[in-house]
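S.K.: Sharing a structure below in structure tokens format, with a few things to ask.
The values are calculated or read from the model by the stated rules, or taken from the named source; none is laboratory data. Because the structure is a prediction, the values reported are computed rather than measured. Cβ placement follows ideal geometry from the backbone for every residue including glycine, while neighbour counts extend to all protein chains displayed.
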Amino acid sequence: MPPVKHIPGRTCIACGKIQPKRNMIRLVRVTENSIEVDSTGKKSGRGAYLCRTADCWNTGLKGNRVERALKTSLVKAERDKLIQELKELCVGENQQI
Ligand SMILES: [Zn+2]
């Protein structure tokens, strides 16, 4: 086994695993009560990361983990919008939510 190189990673707020940024989806708090999916990774603001797996979105978004991580609260419509956006991001990646 070759030595494992250190890759800077981000911690998933749902499962707690550390993964390279490119394997993650970033969520950014844009206003007090609004979170956006940051597909470019360049939006400014408080951010949180989720793995690109349906399990982690469900855990992260349907529970209150993302809200705790970003110190905000989401109304249902906002939460549904995020789940929809995450679904669309994974089109072609064989992910089911
Ligand atoms: Zn995860």
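S.K.: For segment 32-60, how many residues meet the condition of being surrounded by 13 or more Cβ atoms within 10 Å (Cβ to Cβ), out of contact with any strand residue (DSSP E or B) (no Cβ under 7 Å at 6 or more places or on another chain) and of a type in the set (V, I, T)?
M.R.: Matching residues across segment 32-60 total 2.
S.K.: Here is a further query. Step by step: first the residues of segment 12-43, then only those that are in contact (Cβ under 8 Å) with a residue 12 or more places away in the chain and of a type in the set (V, I, T), then the one that is farthest from S73 (Cα to Cα). Which residue is that?
M.R.: This residue is I25.
S.K.: Another question about this same structure. Does R29 satisfy the criteria of being over 10 Å from the mean Cα position of the chain (by Cα) and surrounded by 18 or more Cβ atoms within 10 Å (Cβ to Cβ)? Walk me through it before giving the result.
M.R.: Details: over 10 Å from the mean Cα position of the chain (by Cα): yes; surrounded by 18 or more Cβ atoms within 10 Å (Cβ to Cβ): yes.
Criteria met by R29.
S.K.: Filter segment 1-26 down to the residues that are of a type in the set (A, V, I, L, M) and within 13 Å of the ligand (Cβ to nearest atom), then identify the one that is surrounded by the fewest Cβ atoms within 10 Å (Cβ to Cβ).
M.R.: Residues of segment 1-26 of a type in the set (A, V, I, L, M): 1, 4, 7, 13-14, 18, 24-25.
With within 13 Å of the ligand (Cβ to nearest atom) added as a condition, the list becomes 13-14, 18, 24-25.
Numbers: I13: 23, A14: 23, I18: 12, M24: 22, I25: 23.
Taking the candidates together, the pick is I18.
S.K.: Collect the residues in segment 48-67 that are modelled with pLDDT of 90 or more and away from the ligand (no atom under 15 Å from the Cβ), keeping them in residue-number order.
M.R.: Within segment 48-67, E67 is the sole residue that qualifies.
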